[in-house]
Structures are given as structure tokens and as C-alpha cells.
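The values are calculated or read from the model by the stated rules, or taken from the named source; none is laboratory data. What you are looking at is a predicted structure, and each value in this text was computed from that prediction instead of being measured. A quick note on method: Cβ atoms are made from the backbone with ideal geometry, for glycine too, and the neighbour counts reach across all protein chains shown. Each accessible area value is taken on the protein alone, full model and side chains, heavy atoms only, with ligands, DNA and RNA left out. Shrake-Rupley method; radii C 1.70, N 1.55, O 1.52, S 1.80 Å.
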Amino acid sequence: MVSARTTTHERWMRRCLQLANLGSGTTGPNPLVGAVLVQGEHLLAEGWHERAGGPHAEARCLQAFGDGPIPADATMYVNLEPCAHHGRTPPCADLLIARGVKQVVVGLRDPFPLVAGRGIERLRNAGVEVTEGVMLEECHWMQRRFITSVEKKRPYVILKWAASADGFLDRHPRTSRGVQRISGAATDVLVHRWRSAEPAILVGSRTVVHDDPSLSVRHVSGRSPLRLVLDRDGITPGMSNVFTDGGSTMLFTSDPRPELSVEQVRINPTEEPLDVILATLHERNIRSVLVEGGAELIRHFMEHGLWDEARVIHGQVHFGDGTPAPRIDGAGRIERMVGGDRIVLHRREAGCIAWDW
């Protein structure tokens, strides 16, 4: 039987998650965090972490409440453990103690080594009643990029591709009319929202050669990701959009190309390219990467087990022949319709899987 207290906890924790998601695309490399201050059934204040270097969710929530005394029966809900270390902002655990918050409900312990339970311990040592693990799986899903980066020492890898109704990525033979559309207009907007939420986007050399994409965010407001191009053999044209349109691009290649004015990372013949890419991103605190193609690159990630999530767009168009789309078997999945397209979300590991876009 679900108690009224449990239902209340879940109600407000769900609001924390909604608030946290408002920081998608702007808080990296920090986690997504929302906080609400509640008295009984009444919301007193709320806030979320908007950008790295700015106030954390708990601080913004208390700013919204004001300088007055916190009611003794008020409860602070937060989907991630309050921090206990000095970074670019003071420790949130100390702030809650100083403001006199007496009850705190936490969704997930922070895996970051400088926190990792210390925030909760500090609160309890100060006499604050702390409840843990409310909507634990949902809170874990919200922090999947951050947790993967901290625990696996690599970015969270999202694979994305669009497949025709008969299972092809493109039509053979190719035409001279440019990219052959699979998805509809509504899905195109969604894809740009995906791009705006991730700090980096990766394609292989053949995608640049065949499609000449810009890989920028245009259909929604938001920041364009850092563009990564894997081109070991130097086959991408120097006048490609990713090299000439003024956006940020990083080229991974065997032989540096001095004619290109983009950052370049050399891959030695004995190195696995994916390891070099992921290690380079991790060193730069880039928590996630969206892999948009092509087929060979996506399959390479899958064969090496270096993926965490896949977003597959199934369009209505039929190609008859072309490059077969990758297949995913045995992973957790959910699906929804966007316009006339069917979007399937896969998760490689067991656990909560949910739409947060």
C-alpha cells in the first residue's frame, strides 16, 4: 500500500525533475538539478541549476523564497544530493544548514568523489532529517550523462539514426539532389532539440562527403554542439560546412591537415579511434556525445559496446535498396509517434527509461 507521505514525496520529486530538465544543454559539465521548498501541500519556492558557474538549484530556490526565516515544518526536495565542497559556488549543504532547513528529501546520492554522501552526512550531523532514494531510478536516469562520465571515465554515448520503412539509411543509387529525407518536419525540429542538449556531436568522414551537414542547431533556440569529425584517411573536402562555416569543429585524423583552420587530434595507427575520441572528450569534461552517423561509425560503437542510448527514427518512406540500418536487440525500449514518424528510444543497460525531451 502506498502511503500519503510516499505519494507526497513523489509528487514534489517529480517537480524537481521537471525543473532540473530546464537546464538541459546549459549546465554542463554540472549535473541537472531542481529543488522545491514545500510546507505541507503548499509550494513555497522552487529553482533549478541554470548554467555552470551559476547558483545551484538549492541556492536559487532559497533566493526565490527570500531572506525570511524558513518555517520549521518546511521540506526541501532536491533530485541530487546537496554538494559538500567548494567549487565555483559554496557548498549547498552548508547553505541549507545556515538557513535553518530542517527536512530534506534527496532523490539520488551524488557519485562525484568530492560529494559521494558527504552532503547528506553533513546535513544529518547538523540535525537535519534526510530522506533518501525517492524516485531513485528516475533520478538516476536524469543524471545518466553525469554518472557515466564520473563512473566510466568517458562521455555518455547517444547513437542516432533514421531508417526508412523498409529498413534503409539511404537509397541506392544516390541521386544528385542532396540528402534524401526520411523524417518529417516535426521530427527535424526534435533532432535539433537533441543537438542543443548535448555538448558534442560526432559523424564519420563519409557523412561529410555525401551529405555535407552543418550539424548546428537551427530549428530551435539553443547552443550548437562542438562538431567532431572522424576522418582517418583525410577524404573530407576542405570546403565542407563543418570546416568553413565558423562553428567549432574538432577533426580526428591520422595525418594533420594544415589547410584546415580547425582543431585537430592525431590518431596513431595502433590506436582505436573511438578510444581516442572518448578519452579526448573526457579530458575536456564533455559529459556526452551524440553520434549521428554514418552506418559504419554507429556499428563500430555498437560492436565495441561503447553506447548507452540509441534514438531511432522510423520514417514512412520506402527506399527499396540502400545501406541497411543497424539493428538493436535485447535492449530496453520505449516508443512514441512524432508527426508521422515512429521514434524508438533504446537503453543499453537495465533500468529506468523515459522521455525527457
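Numbers below:
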quantity: Any hit, the range 337-355, residues being touching a strand residue (DSSP E or B) at 6+ places or on another chain (Cβ under 8 Å), among the basic types (K, R) and farther than 24 Å from L32 by Cα; calculated: yes
quantity: Test set (1) in a helix (DSSP H, G or I); (2) farther than 23 Å from G222 by Cβ - V191 fails condition number; calculated: (2)
quantity: Pairs with Cβ under 6 Å, 6+ apart, first in the range 231-245 and among the aliphatic types (A, V, I, L, M) and modelled with pLDDT of 95 or more, second surrounded by 15 or more Cβ atoms within 10 Å (Cβ to Cβ) and not in a helix (DSSP H, G or I); calculated: V242/R227; V242/V229; V242/T249
quantity: The range 97-114 - residue that is in contact with a Gly (Cβ under 9 Å, 6 or more places away or on another chain) and among the hydrophobic types (A, V, I, L, M, F, W, C) and, of those, nearest to F65 (Cα to Cα); calculated: I97
quantity: Odd one out for G222 among (1) surrounded by fewer than 23 Cβ atoms within 10 Å (Cβ to Cβ); (2) at pLDDT 95 or above; calculated: (2)
quantity: Sole exception among (1) at pLDDT below 95; (2) within 23 Å of the chain's Cα centre (by Cα) for I201, by number; calculated: (1)
quantity: Leading residue by the ranking (farthest from the chain's Cα centre (by Cα)) among those in the range 148-157 that are buried (at least 22 other Cβ atoms within 10 Å of the Cβ) and not in a loop (DSSP other than H, G, I, E, B); calculated: S149
quantity: Restricting the range 21-44 to residues that are open to solvent by less than 10 Å² (accessible area, probe 1.4 Å) and in contact with a helix residue (DSSP H, G or I) (Cβ under 6 Å, 6 or more places away or on another chain), the residue that is farthest from P91 (Cα to Cα); calculated: V38
quantity: Among residues of the range 327-357, those that are more than 26 Å from K153 (Cα to Cα) and open to solvent by less than 30 Å² (accessible area, probe 1.4 Å), counted; calculated: 4
quantity: From G238, G246, residue being out of contact with any Cys (no Cβ under 8 Å at 6 or more places or on another chain), open to solvent by 20 Å² or more (accessible area, probe 1.4 Å) and at positive phi; calculated: G246
quantity: Residues (open to solvent by less than 20 Å² (accessible area, probe 1.4 Å) and closer than 17 Å to T280 by Cβ) located in the range 184-204; calculated: E198, A200, I201, L202, V203, G204
quantity: Pick from the range 115-138, criterion of a type in the set (G, A, S) and in contact with a strand residue (DSSP E or B) (Cβ under 9 Å, 6 or more places away or on another chain), ranking: farthest from K102 (Cα to Cα); calculated: G133
quantity: Counted residues, the range 81-133 - those being part of a loop (DSSP other than H, G, I, E, B), within 20 Å of I147 (Cβ to Cβ) and open to solvent by 20 Å² or more (accessible area, probe 1.4 Å); calculated: 10
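Results for (1) more than 16 Å from S183 (Cα to Cα); (2) in contact with a Pro (Cβ under 8 Å, 6 or more places away or on another chain); (3) surrounded by fewer than 20 Cβ atoms within 10 Å (Cβ to Cβ), shown as yes or no for each residue.
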residue: H282; (1), (2), (3): yes, yes, yes
residue: I286; (1), (2), (3): yes, yes, no
residue: V291; (1), (2), (3): yes, no, no
residue: A295; (1), (2), (3): yes, yes, yes
residue: R299; (1), (2), (3): yes, yes, yes
residue: E303; (1), (2), (3): yes, no, yes
residue: E309; (1), (2), (3): yes, no, no
residue: I313; (1), (2), (3): no, no, no
residue: H318; (1), (2), (3): no, no, yes
